[in-house]
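Asker: Here it is: the structure, laid out below.
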Protein chains: 4
Amino acid sequence: MIRPLHPDDRAAWQALYQGYQGFYGFHDRPQEFYDRAFARLISGQAGDFHGLVYDDGGLLGLVHYVFHPNLWRDEGVCYLQDLFTSQAARGKGVGRALIQSVYDAADAAGVPTVYWLTAEDNYAGRMLYDRVGRKSPFIRYNRPV
Amino acid sequence: MIRPLHPDDRAAWQALYQGYQGFYGFHDRPQEFYDRAFARLISGQAGDFHGLVYDDGGLLGLVHYVFHPNLWRDEGVCYLQDLFTSQAARGKGVGRALIQSVYDAADAAGVPTVYWLTAEDNYAGRMLYDRVGRKSPFIRYNRPV
Amino acid sequence: MIRPLHPDDRAAWQALYQGYQGFYGFHDRPQEFYDRAFARLISGQAGDFHGLVYDDGGLLGLVHYVFHPNLWRDEGVCYLQDLFTSQAARGKGVGRALIQSVYDAADAAGVPTVYWLTAEDNYAGRMLYDRVGRKSPFIRYNRPV
Amino acid sequence: MIRPLHPDDRAAWQALYQGYQGFYGFHDRPQEFYDRAFARLISGQAGDFHGLVYDDGGLLGLVHYVFHPNLWRDEGVCYLQDLFTSQAARGKGVGRALIQSVYDAADAAGVPTVYWLTAEDNYAGRMLYDRVGRKSPFIRYNRPV
């Protein structure tokens, strides 16, 4: 089942989120990084991130999303920032179900537009995303650091 | 000079923004689309979009940006959604100056991360973006409509 | 073992090559297409294509390559046009071994440059190609048909 | 007018081809590189490269192409390897005319398929290529060097 993140999920959530951060090469996030993210996800503060987990006895996956303004759409948009499934649960529909849950949450909020960004060479992810989403021609530029 | 959008800019701003929307193929936005965007840009409402214009006697360009939460960064990020320069003002540094103004505004807000999305085949734009920004490997997926 | 294609491979080769053509959406190639390709592959004609197969009792994979002129390199280049592994043999190193065999054949011919093209969304292929090759920034344009 | 490269073009051709090589970062090609390429282009040897130039009193542009085998097409394909227009002649249709001349030469040879590769960020080139060609989803991988 998919349910909102709960304070009791602290340890199991971090194990998953470390896997996700590691996928993007961030293997050495300090503990405060995880403390702060978790606190925000369960704060219930308006305008901040929401977290959902796939709970099958243990946590098999997570998804984090936020609503933010968009000038082209009064109702704003939903940004799905983080999605991760434990290695052991790959290929079982966990990721697909988590994305669908964000779609449902966005509909419930009256914000039909949902988007996410992924690395061009995230092949395993894109195999899923091509089925549940549509690749756009848009690419991201960043201010140089 | 670059300055914040002002209520008196209504007509000149719309001429530019229609050019921008047309660039992305949206030639038939209803008047309410422009009314609503302009109202939001000058509302000064916390959390909503900001607009800057390049004013050289007439308006030569515009940029719209917003700050929104990001789970990886407590201070959030700055999303530069719209950038446009009038045809007559191309190649004169207007776009570059407008991007720099957003960098400055983001610094002033304590939000150093600025990003934008652009179509992969927006060649003229990317000639500029490669000089003032860094292409990331991230591509955008959308929920199917 | 990897060995050159042999006239006795006719039927087993076609089963593989139909799988490859089908991957790119060509499900209805006429029989003459396969007849002609096979004839060329075993013709031994100078300048035409070579075929190698991975033979483990049955054929598990194939690779087709050709040497062609390149103005930047007097010795020319080696174009690996077709690579395919049977579904049953995926993940066992067959594709990797076939690519390596082309590298070896190219070295033996004094043509160190080997290249191939692949669809941007051939994720399974690219998982392998990123390990045994280097993605270039070059994309292909075609004359309109 | 567009005409085949001629031995008398030696110096003017090299000026153009150095511009092209420089565009791709090869500023220090030895003289032998140019000697050898020119010799091949005017050799008339079967199977090797052809060169065309845009001659308006002086040389404004060049194109080099070759026919090579393709296993999917008995008649082979035409590879347009090099295209360059002098800075002074940009935006005047020289590149477009040179590509069209290759299309015509390919038709005359019974080889309708013409293709070329270009760097993803060759924006000026792609502005032209999107008008006279079709971007394919194919990307190039190279054997590591």
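The values are calculated or read from the model by the stated rules, or taken from the named source; none is laboratory data. These numbers come from a predicted model, not from an experiment. We place every Cβ from the backbone using ideal geometry, glycine too, and count neighbours over all the protein chains shown.
Asker: When you scan the stretch A:102-123, how many residues do you find that are under 30 Å from B:Tyr103 (Cβ atoms) and within 14 Å of chain C (Cβ to nearest Cβ)?
Answerer: 5
Asker: Let me ask you something else. Residue by residue through the stretch D:96-134, note down the ones that are touching a helix residue (DSSP H, G or I) at 6+ places or on another chain (Cβ under 7 Å), among the aliphatic types (A, V, I, L, M) and crowded, with 17+ Cβ neighbours inside 10 Å.
Answerer: Of everything in the stretch D:96-134, those that are touching a helix residue (DSSP H, G or I) at 6+ places or on another chain (Cβ under 7 Å), among the aliphatic types (A, V, I, L, M) and crowded, with 17+ Cβ neighbours inside 10 Å turn out to be D:Ile99, D:Val114, D:Leu128.
Asker: Moving on. List the residue pairs whose Cβ atoms are under 8 Å apart, where the first residue sits in the stretch D:1-12 and is over 15 Å from D:Arg36 (Cα atoms), the second is assigned to a helix (DSSP H, G or I), and the two are 6 or more positions apart or on different chains.
Answerer: D:Ile2/D:Ala97; D:Ile2/D:Leu98; D:Ile2/D:Ser101
Asker: Across the stretch D:18-33, what is the total count of residues that are farther than 20 Å from D:Asp121 by Cα and within 11 Å of chain C (Cβ to nearest Cβ)?
Answerer: Looking only at that region, the number is 3.
Asker: Quick test for you: out of B:Leu62, B:Leu71, pick the one residue that is more than 17 Å from the chain's Cα centre (by Cα) and surrounded by 20 or more Cβ atoms within 10 Å (Cβ to Cβ).
Answerer: On the way: B:Leu62 fails: more than 17 Å from the chain's Cα centre (by Cα).
Of B:Leu62, B:Leu71, the one residue that is more than 17 Å from the chain's Cα centre (by Cα) and surrounded by 20 or more Cβ atoms within 10 Å (Cβ to Cβ) is B:Leu71.
Asker: Of all the residues that make up the stretch C:1-20, how many are in a helix (DSSP H, G or I), among the hydrophobic types (A, V, I, L, M, F, W, C) and over 13 Å from the mean Cα position of the chain (by Cα)?
Answerer: Narrowing the stretch C:1-20 to residues in a helix (DSSP H, G or I): C:7-20.
Restricting the remaining residues to those that are among the hydrophobic types (A, V, I, L, M, F, W, C) gives C:11-13, C:15-16.
Applying the additional criterion that residues be over 13 Å from the mean Cα position of the chain (by Cα) yields C:11-12, C:15.
Within the stretch C:1-20, residues that are in a helix (DSSP H, G or I), among the hydrophobic types (A, V, I, L, M, F, W, C) and over 13 Å from the mean Cα position of the chain (by Cα) number 3.
Asker: Of D:Tyr20, D:Tyr54, D:Tyr34, which residue is touching a Gly at 6+ places or on another chain (Cβ under 8 Å) and at pLDDT 95 or above?
Answerer: Details: D:Tyr20 fails: touching a Gly at 6+ places or on another chain (Cβ under 8 Å); D:Tyr34 fails: touching a Gly at 6+ places or on another chain (Cβ under 8 Å).
Checking each option against the conditions leaves just D:Tyr54.
Asker: I'm trying to understand the selection: among the residues of the stretch B:14-56, which are of a type in the set (A, V, I, L, M, F, W, C) and either surrounded by fewer than 17 Cβ atoms within 10 Å (Cβ to Cβ) or within 12 Å of A:Leu71 (Cβ to Cβ) (or both)? Spell out the reasoning first.
Answerer: So in the stretch B:14-56, the residues of a type in the set (A, V, I, L, M, F, W, C) come out as B:15-16, B:23, B:26, B:33, B:37-39, B:41-42, B:46, B:49, B:52-53.
If the condition is that a residue be of a type in the set (A, V, I, L, M, F, W, C) and either surrounded by fewer than 17 Cβ atoms within 10 Å (Cβ to Cβ) or within 12 Å of A:Leu71 (Cβ to Cβ) (or both), then B:Ala15, B:Phe23, B:Phe26, B:Phe33, B:Ala37, B:Phe38, B:Ala39, B:Leu41, B:Ala46, B:Phe49 are the ones that fit.
Asker: Something else about it: If you take the residues of the stretch C:124-145 that are part of a strand (DSSP E or B) and within 14 Å of chain A (Cβ to nearest Cβ), which of them is nearest to C:Val102 (Cα to Cα)? Talk me through it step by step, then tell me what you get.
Answerer: So in the stretch C:124-145, the residues part of a strand (DSSP E or B) come out as C:134-142.
Filter again for within 14 Å of chain A (Cβ to nearest Cβ), leaving C:134-137, C:139.
Values: C:Arg134: 15, C:Lys135: 17, C:Ser136: 19, C:Pro137: 22, C:Ile139: 22 Å.
Within the stretch C:124-145, the match that is nearest to C:Val102 (Cα to Cα) is C:Arg134.
Asker: Condition (residue is surrounded by 20 or more Cβ atoms within 10 Å (Cβ to Cβ) and at the interface with another protein chain (Cβ under 10 Å from one of its Cβ atoms)) applied to the stretch D:83-95: is it met by at least one residue?
Answerer: Looking through the stretch D:83-95, none of the residues is surrounded by 20 or more Cβ atoms within 10 Å (Cβ to Cβ) and at the interface with another protein chain (Cβ under 10 Å from one of its Cβ atoms).
Asker: Is there any pair linking a residue in the stretch A:89-108 that is more than 23 Å from A:Val77 (Cα to Cα) to one that is surrounded by 15 or more Cβ atoms within 10 Å (Cβ to Cβ), with Cβ under 7 Å and at least six apart or on different chains, and which?
Answerer: Close Cβ pairs satisfying both conditions: A:Ala89/A:Leu60; A:Ala89/A:Gly61; A:Val94/A:Tyr54; A:Val94/A:Leu60; A:Val94/A:Gly61; A:Val94/A:Thr85.
Asker: Where the second residue is small (Gly, Ala, Ser) and the first is farther than 20 Å from C:Leu71 by Cβ and lies in the stretch C:110-136, which pairs have Cβ atoms under 6 Å and are six or more apart or on separate chains?
Answerer: C:Thr118/C:Gly125; C:Leu128/C:Gly95
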